[in-house]
Amino acid sequence: MTDEHLDRMVRDADPYRPGVIKHLDGAAQNLVEEIMSVPTLDPVAEPPGKRFRARRGVMSGLAGASVAATLLAGVLTVSIMKSDQPEGRPTTPAITSEATDPAAHSAMVLKAAEENPRLLIDQPGWKATTVYGFGEKTGTIAFSDGERQVEMNWYPAGQYDGYHEDRLHVSKPEPVKVDGWPADLFRYSASDFAVMLRPRDGSFVELRTGGAWTRSEFDRVLADVVRVDARTWLAALPTEIVTPERVDAQAAKVLADVPLPPGFDTSTLGDVGTNDAYQFGAKVTSRVGCGWIAEWLRAKKAGDDAALRRAADALRSSHKWTVLHQMNDEGDWPEVFWETADKVAAGKPPAQYEEALGCE
């Protein structure tokens, strides 16, 4: 398989591409097509940090809640404190999940939550289905009610003008408000909408629909999108979400049958942020794969045949890693990983392996 084929495979693994329902020329095209299923060019460069979106059905195939039922739970069933209330005021949202007591969250997790927009859908039946980028300058949280989806993506405020200019090619903006905050609504079609909130506290948020919507249905949901305090937001995250304080336990599960490359330090995994199980598995196996490829390249250059064989054997063994098989029904990250690992083990590292696996 050629490098071009591999690059195409990485792109095809992305459910946010137009025509599939997720890098325009370079990173900017990738970011927009990945995040927003937008067929137009976006002048905004991709923010730092590789996102692992090689995942089936986060927006299009999530209808029916097959992914949500498998991965996550946590339904907001009653009113949540809105943004005009004091940030530190105690709240008691009723959440039908085994969510952690918000008071138990570490200071690091609370600080990260305070630095993102913290938006939730205050309607019965909506579940958090995807979380990643939490604690970074960009991030995503997606919700589903089993038939329809809303994905909330946040970016640095400095990128707002570029994104907004791009959306002007989609439709004429319609002024709306989200929890009292001004925003513009864009129509991709009669059943497909995006809402861009004005920058606030160093970031801006774009909401994007998935599934079959009418404008009136979207307006009703939009009216119940609320900005909450950090503890309320964290309380709405189901226990399956891997927060920094849960990294060690989840990493032990992911790496149970995974050979680690020389010098691999599991204690550094705490910097991957907060992610759902799929994104966490992709980030961890990415680091392992990149470590073994770096070792293979080192051994090849040094003429260290024994180390070269060990690295090749470790990469081939990825076909037996439990975590990749668990992920394979849900997304295409394992296929991308295996294709790259096999080419390296065969002595033909793809020219773009760093991009394919998110190597730093």
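Observations
- Evaluated with a Cβ-only charge set (Lys, Arg +1; Asp, Glu -1), the range 104-243 carries a dipole of roughly 100 debye about its Cα centre, given to the nearest 20.
- Rolling a 1.4 Å probe over the heavy atoms of the protein chains gives the range 208-360 an accessible area of 41 Å² per residue.
- Qualifying GluC sites (Glu not before Pro) in the range 125-191, DSSP loop, other Cβ atoms within 10 Å at most 14: Glu147
- Backbone amide hydrogens, once placed in the peptide plane, bring Thr274 within less than 5 Å of Gly133, Phe134, excluding anything fewer than 5 places away on its chain.
- Applied to the range 305-311, the Karplus parametrisation 6.51 cos²θ - 1.76 cosθ + 1.60 on θ = phi - 60° returns per-residue 3J(HN,Hα) values of 5, 5, 5, 4, 5, 4, 5 Hz, with x for Gly and Pro.
- Nonlocal amide H pairs with Asp192, under 5 Å, H built at 1.01 Å: none
- Shape category assigned to the range 214-360 from the gyration tensor of Cα positions, a/c cut at 1.5: prolate
- The label-point distance for Ala294 and Ala306, in a model that sets each label 7 Å from Cα toward Cβ, rounds to 2.3 nm.
- Lys320-Leu260 pseudo-label distance in nm [points 7 Å out on the Cα-to-Cβ vector]: 2.0 nm
- Surface composition of the range 216-360: carbon plus sulfur atoms hold 49% of the accessible area, using a 1.4 angstrom probe and ignoring ligands, DNA and RNA.
- Charged-residue dipole, Cβ positions (Lys, Arg, Asp, Glu), the range 226-360 about Cα centre, Debye nearest 20: 320 debye
- Placing +1 on the Cβ of every Lys and Arg and -1 on the Cβ of every Asp and Glu, with no other charges, gives the range 204-290 a dipole of roughly 140 debye about its Cα centre.
- For the listed residue pairs Lys137/Lys301; Lys283/Lys320; Lys137/Lys300, the alpha carbons are over 27 angstrom apart in Lys137/Lys301; Lys137/Lys300.
The values are calculated or read from the model by the stated rules, or taken from the named source; none is laboratory data. Small disclaimer: the values here were computed from a predicted structure and weren't measured. Virtual Cβ from ideal backbone geometry, glycine too; neighbours counted across all protein chains shown. Ligands, DNA and RNA are excluded from the accessible area calculation, which covers all protein heavy atoms including side chains. Shrake-Rupley method; radii C 1.70, N 1.55, O 1.52, S 1.80 Å.
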